[in-house]
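Report on one structure; see the data block that follows.
Coordinate-derived values only; no laboratory data. None of the values given here were measured: they were computed from a predicted structure. FYI the Cβ positions are ideal-geometry reconstructions off the backbone, even for glycines, and counts take in every protein chain you see.
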Amino acid sequence: MSGVPQALDGVNVVEFGGYAAGPHAGKVLANFGAKVVHVESRDRPDGFRLQYPPFAGNRPGINRGGCFSIFNDSKYGVTIDLKKAEGIELARRLIRWSDLVIENMRPGVMERLGLGYEALSADQPGLVMLSTCNMGQTGPRADTPGFGSQLSALAGFCGMTGQPDGPPMLLYGPYIDYVASTLGTSAILAALVRSRRSGKGAYLDLSQYEAGLMFMGGALQDYFATGRETDRCANDDPDAVPHGAYPCRDEEWIALSCWSDRDFASLAAVMGNPKLAAEKDFATAAARRRHKQPLDEIVSAWTRSRTADAAAEALQAAGIAAYPVVSMAGLFSDPQLAARKQWRVRRHPEMGDQAYSFPGFDLTETPGDIVGPAPCLGGDNEFVFRDLLGLADAEFEAYKDRGVFG
Amino acid sequence: MLLTDVLVIDTTNRFGWLAGRILADLGADVVKIDPPGTDRSKPEWRAFNVNKRVLDADPSDAANASVFGDLLAKADICLVTPAPGERGGPFDPDALHKAYPRLVMVVITPFGREGPRRDWRATDLEVMAAGGAMSMAGEPDGVPLRISEPQSYSWAGTHAAMGALTALLQRDATGRSDLVEVSAQSSVVIALSHAPAFFDLNGDKPTRAGAFMTGRSIKGARYRVFWPCRDGWLNFIFYGGVAGRRTNEQLVAWMRERGAELGILATIDWARFDPTKADQTEVDALETPAMKFFAGITKREYLIEAHKREMLGYPVSTVGDIVTDPQIEARGFFQKMAGSNPGETYCGNFVLIDGERPPLRYAAGTPLADDEPKLLRAGRQP
């Protein structure tokens, strides 16, 4: 899609499935130059198109969903009716054009369609395929369908969020899906490295549950070593104190932490009360922990009279780790994210201008980009099947007449 | 393995540990350079530095320059985490990028290398705040929260690994290497899922929802997400739609089999149930008998029954629940291996490749042989 050389130029990808975990992996590859084709059908479009808000202008529509578009920018969108034998045949042709297949359907669905890895790799030995689902392709609960928002509870994230004496807390959306998509993308890239070097493809089975546990590594290691179960502890830290979020002016918050007595002395000085650091209740981390409530009240009294930005700037100038708690609106005005061009506005034919999110990494000499908006449903059928796949006019029209692009 | 013959030099602090581990799990030979005296006993160090070999060498000691030179001459990827404001030194990314044209340099920092706050100090707490995640966790009228187990380091790690391999694939194709830069703040943004799109598209401002689901009912009702049970908490929501219908019907069937009091649940036609139209009184009436029922069952019972009945919902696991989960056991996710702590168990490889989970090769803290850097430069197998 881009005229500027990019790192993954020449990598062709086909995606089956929808929602978050599969499509986000494809989006990252597309942002660095891969040609990614997102396959749906008119009967079963990607669930993120209609099932969840937001919709542009609050008007629901198949091509107006922000939930879909934010994970599918820079891709091509096609529709194939996989219930028809000719649809399967067309999907096979598309896969032959590709280096990589990403799918996140329930285990066994691709095999039943005749699109399992064994069948596909028989005449395409260098093909890489990622299958990602809640539990992985095997095991006693492999067939469990599920939402990432709930899987985040099973993998321990919700239980480790909240006040110690309160209930677990929700994380927004399917948190664990993105742990899986970012780990899965690395596995894909490594498999492509091998495929290019040796001609040998790979089948990658990624359980979103297991992927999530990689982010719980410290707590699991601690349990194995000591039997201790890490529990939710609000914003507390075993070493740093204070360590938390404090209210600021205009209903803002600031996060700050002190990792040594010296840090705390700096904080006390910034707050205009340098003697505080020498007081017996606050002179050491242990003392500060014992007197957490009065300490939090002192810090809050200082932060409340400032904006979060002003407080963070004063603290950073004194060498203390601090940052405003950035809200969803604040993400679009945060000066650091703005400098990185985190949000890149592209015009969608039905949704108008939308800010798409760029990944957290970039290449200095061959930078990635949001190379186009998300596709409309089946919006690239002509380009993909005629120009990329090379279907002759008669073939294309025949598929069309028989409803294969359904 | 996928990354056979790929050598990675990992000089990172906590922001880069997972990146090195991901590359190691995918088959790269990862050498972790740590200054002498590094505390390797902490669970986090061991969890995220397993499968690497360790070289004790102080980067600031000029005597180590030739050892580093031997390794860098042969390396494919180098991971660095300079401190805020740090420039120069033996692992200066720009200098190494110039000196070693085939080396993929990956620089991981809290806020990236450009921008007005590039030199700001931050730990997990501040990065989770800066990336927007804290604003979305906690009670609606309470303090913003982070997840108690640090996450932002891992978000930076997964993004660094993706960047490293994107650049490696490009180098293989074109012969041109690159310098990859990673911002932990920016890496956290994906954890917000589609929440930012609410503001961008319509000016709406989603915020933290606590332990309840809001925004589903046009009458402002909130739905319970977390339910106390006999030995902890469960995650269950009265959803609508096809999946919700099956789940709700199965819950009622299960309650009936157990002789539980059904209350209003006995009278609801789940095919017509529309959670968007219920007010709080109606939602409370739904939830009261379910609450009483859940209070009497265990997390493991719920896990088994929900699977058997194809219900949506999971228990809220503790780490103790996770390590005994039959699904995790059946897939052999955890790996016990000999090493410096005998019998130590780790999270195993995160992906199955061609039906097999590649075993971890090195226990945490396994030292690199003294003569290995020299042998590597000479192109010989140590």
- line: Quarter of the surface of the C-alpha convex hull for region A:272-322, i.e. direction-averaged projected area in nm², equals 3.7 nm²
message: Quick check: Cα centre of region A:325-381 to Cα centre of region B:106-134, how many Å?
response: 19 Å
task: For region A:257-270, just list the computed ³J(HN,Hα) in residue order, Karplus coefficients 6.51, -1.76 and 1.60, θ = phi - 60°, integers in Hz, with x standing in for Gly and Pro.
output: 8, 10, 9, 7, 5, 5, 4, 5, 4, 5, 4, 4, 5, 4
task: Hey, can you grab everything whose amide H is under 5 Å from the amide H of A:TRP253? Only 5+ residues off in sequence or another chain; H modelled, so Pro and N-termini drop out.
output: A:CYS248, A:VAL325
In region B:82-159, the GluC sites (Glu not before Pro) that fall in loop regions by DSSP, at most 16 other Cβ within 10 Å: B:GLU86, B:GLU114
message: Can you classify region B:1-123 as rounded, prolate or oblate using the Cα gyration tensor, where a ≥ b ≥ c are the square roots of its eigenvalues, rounded means a/c under 1.5, and otherwise it's prolate if a/b beats b/c and oblate if not?
response: rounded
query: Where nothing but the Cβ of Lys and Arg (+1) and of Asp and Glu (-1) is charged, how large is the charge dipole of chain A around its Cα centre, in debye to the nearest 20?
result: 40 debye
task: Considering only lysines 8 or more places apart in sequence, or on different chains, count the pairs in chain A whose C-alpha atoms sit under 22 Å apart.
output: 11
- line: Over the Cα atoms of region A:181-252 the radius of gyration and the largest Cα-Cα distance (Dmax), both in Å, equal 20.0, 60
query: What distance in nm separates the simple spin-label points at B:LEU262 and B:THR324, each placed 7 Å from Cα in the Cβ direction?
result: 3.4 nm
message: Taking 8 Å as the Cα distance limit and 6 or more residues as the minimum spacing, I'd like the relative contact order of region B:98-204 as a percentage.
response: 40 percent
statement: Along region A:151-164, Karplus-curve 3J(HN,Hα) (6.51, -1.76, 1.60; θ = phi - 60°) to the nearest Hz, with x for Gly and Pro, reads 4, 4, 6, 5, 8, x, 5, 5, x, 9, 10, x, 6, x
task: Would you compute, for the Cα atoms of region A:110-160, the largest minus smallest coordinate along each principal axis and list the three values in descending order, in whole Å?
output: 47, 20, 16
field: Residues with amide H under 5 Å from that of B:CYS229, placed H, sequence gap 5 or more
entry: B:LEU234
message: Test of understanding: express the Cα radius of gyration of region B:212-322 as a ratio to 2.2 N^0.38 Å, with N the residue count.
response: 1.02
Descending semi-axes in whole angstrom, ellipsoid equivalent of the protein assembly as shown, from the Cα gyration tensor: 38, 35, 26
message: Could you tell me what a quarter of the Cα convex hull surface of region A:37-97 works out to, in nm² with one decimal place?
response: 4.4 nm²
message: At 0.36 nm per residue, and after removing the present C-alpha to C-alpha distance, how many nm does the segment from A:ARG249 to A:ARG386 gain when stretched out fully?
response: 43.5 nm
query: Convex hull volume of the Cα atoms in chain B, per residue, in Å³?
result: 183 Å³
- request: Restricting things to alpha carbons, tell me how big region A:1-50 is in terms of Rg and Dmax, in Å.
  value: 12.0, 37
field: Sites A:ASP261 and A:GLU229 - FRET efficiency at Förster radius 41 Å, r taken between beta-carbons, to 0.05
entry: 0.85
query: Roughly how many Å is it from the Cα centre of region B:181-225 to that of region A:77-154, as a whole number?
result: 29 Å
query: Do you know the relative contact order of chain B, to the nearest whole percent, from alpha carbon pairs under 8 angstrom that are 6+ apart?
result: 17 percent
query: Across peptide B:324-332, what mean number of C-beta atoms from other chains lies inside 10 Å of a residue's C-beta?
result: 6
task: Report, as a whole number in µm² per second, the diffusion coefficient that Stokes-Einstein gives for chain A at 37 °C and 0.692 mPa s using the Kirkwood radius over alpha carbon pairs.
output: 137 µm²/s
field: Packing-based ranking, highest mean first, of B:248-261, A:180-193, A:366-379 given that Cβ atoms within 10 Å are counted
entry: A:180-193, A:366-379, B:248-261
message: Considering only C-alpha atoms, what is the centroid distance from region B:6-55 to region A:20-66, in Å?
response: 36 Å
field: Taking region A:1-151 and dividing mean pair separation by its residue count, relative contact order in percent (alpha carbons under 8 Å, at least six apart)
entry: 23 percent
message: To the nearest 20 Debye, how big is the dipole of region B:212-322 about its Cα centre, given +1 on the beta carbon of each Lys and Arg and -1 on that of each Asp and Glu?
response: 140 debye
- line: Checked against the positive end of the charge dipole of region A:243-332 (+1 on Cβ of Lys and Arg, -1 on Cβ of Asp and Glu, about the Cα centre), the farthest of A:TRP259, A:ASN273, A:ALA286 is A:ALA286
- prompt: Can you run phi through the Karplus equation (6.51, -1.76, 1.60; θ = phi - 60°) for region B:66-79 and list ³J(HN,Hα) in whole Hz, with x for Gly and Pro?
  reply: 6, 5, 4, x, 4, 5, 5, 4, 9, 6, 9, 9, 10, 9
task: Starting from the amide H of B:ALA209, placed 1.01 Å from N in the peptide plane, find each other amide H under 5 Å away whose residue is 5 or more places distant or on another chain.
output: B:GLY138
query: About its Cα centre, how strong a charge dipole does the protein assembly as shown have in debye, to the nearest 20, once Lys and Arg get +1 and Asp and Glu get -1 at the Cβ?
result: 400 debye
FRET E, pair A:LYS292, A:ALA269, Förster distance 22 Å, beta-carbon r, rounded to 0.05: 0.60
Using a Förster distance of 45 Å, the FRET efficiency for A:ARG112-B:THR4 (Cβ separation, nearest 0.05): 0.85
message: I'd like the orientation of helix A:21-31 relative to chain A: the angle between its Cα long axis and the longest Cα principal axis, in ° from 0 to 90, rounded to 10.
response: 90 degrees
message: Highest mean first, how do B:263-274, A:229-240, B:192-203 rank when packing is the count of other Cβ atoms within 10 Å averaged over residues?
response: B:192-203, A:229-240, B:263-274
task: Please list the equivalent ellipsoid semi-axes of region A:243-332, computed as the square roots of five times the alpha-carbon gyration tensor eigenvalues, in descending order and whole angstrom.
output: 23, 13, 11
field: Selection from A:GLY159, B:PHE91, A:VAL4, by position along the positive dipole direction of the protein assembly as shown (Cβ)
entry: A:GLY159
